[in-house]
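The values are calculated or read from the model by the stated rules, or taken from the named source; none is laboratory data. Model, not experiment: these values are computed from the prediction. Counting neighbours? That spans all protein chains shown, and the Cβs are built from the backbone with ideal geometry, glycine included.
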Amino acid sequence: MTIPALGKIGVWSSELRWAQEPGSEQFARDLENMGYGALWIPGGFDDKVLEDVSRLLAATQKAVIATGILNLWKYQPTEVAEWFEALPAEHKARTMIGIGISHSALIGEDYSRPLANTRRFLEGLETAGMAMGNTCLAALGPKMVVLSGEKT
């Protein structure tokens, strides 16, 4: 299993998705040139974060582009795995999919059984052939931490 090299210091910023001109691509290049190893982008509110990961991968050369988080309520595991499989090899090596269940109050979804739903999503990724070394889990409690250790 290959795990993306995140480096010692990374940045999480909504500006990496929604910056005004000169745009998030230039912001990503600037951060990469400053030596940041990982650029984390928010994705909890919509189903467009993978498009933005692709855009930032194309705009940079060495920084890992990571989701913080990909909201599992907004995607099917097969959709994520197919997107990842279609990436060029050099982009796969720089992609980290941080997966999370988010918060029901923010997204209006049924928040029942968050651990079981997260496990089901991760198992769906595995079944679809996703490289689990390119995933991590936003674990907000001890049971989710255990699941993260088992699956990502």
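One table, with the values for the structure above:
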| read-out | value |
| --- | --- |
| Residue within segment 23-39 that is out of contact with any Asp or Glu (no Cβ under 9 Å at 6 or more places or on another chain), surrounded by 13 or more Cβ atoms within 10 Å (Cβ to Cβ), touching a residue at least 40 places away in the same chain (Cβ under 8 Å) and not hydrophobic (A, V, I, L, M, F, W, C) present | no |
| Test: residue in segment 116-129 that is assigned to a helix (DSSP H, G or I), touching a Lys or Arg at 6+ places or on another chain (Cβ under 7 Å) and farther than 15 Å from V49 by Cβ | yes |
| Test set (1) touching a residue at least 12 places away in the same chain (Cβ under 8 Å); (2) closer than 21 Å to E90 by Cα - S14 fails condition number | (2) |
| Residue pairs meeting the criteria (Cβ under 6 Å; at least 6 apart or on separate chains; first closer than 14 Å to D47 by Cα, in segment 70-91; second acidic (D, E)) | W73/E109; K74/D47 |
| Matching entry among S112, S102, S148 (being without any contact (Cβ under 8 Å) to a residue 24 or more places away in the chain and not in a helix (DSSP H, G or I)) | S112 |
| Selection within segment 85-117 - buried (at least 20 other Cβ atoms within 10 Å of the Cβ) and modelled with pLDDT under 85 | S102 |
| Segment 10-59, residues that are in a loop (DSSP other than H, G, I, E, B), closer than 17 Å to I97 by Cα and of a type outside the set (D, E) | S13, S14, G37, P42, G43, G44, F45, K48 |
| Segment 130-145, residues that are among the small types (G, A, S), outside any helix (DSSP H, G or I) and under 17 Å from the mean Cα position of the chain (by Cα) | A131, A138, A139 |
| Hey, K74 of a type in the set (K, R), surrounded by 13 or more Cβ atoms within 10 Å (Cβ to Cβ) and in a loop (DSSP other than H, G, I, E, B) or not | yes |
| Failed item in (1) modelled with pLDDT under 95; (2) surrounded by 14 or more Cβ atoms within 10 Å (Cβ to Cβ), with S54 passing the rest | (1) |
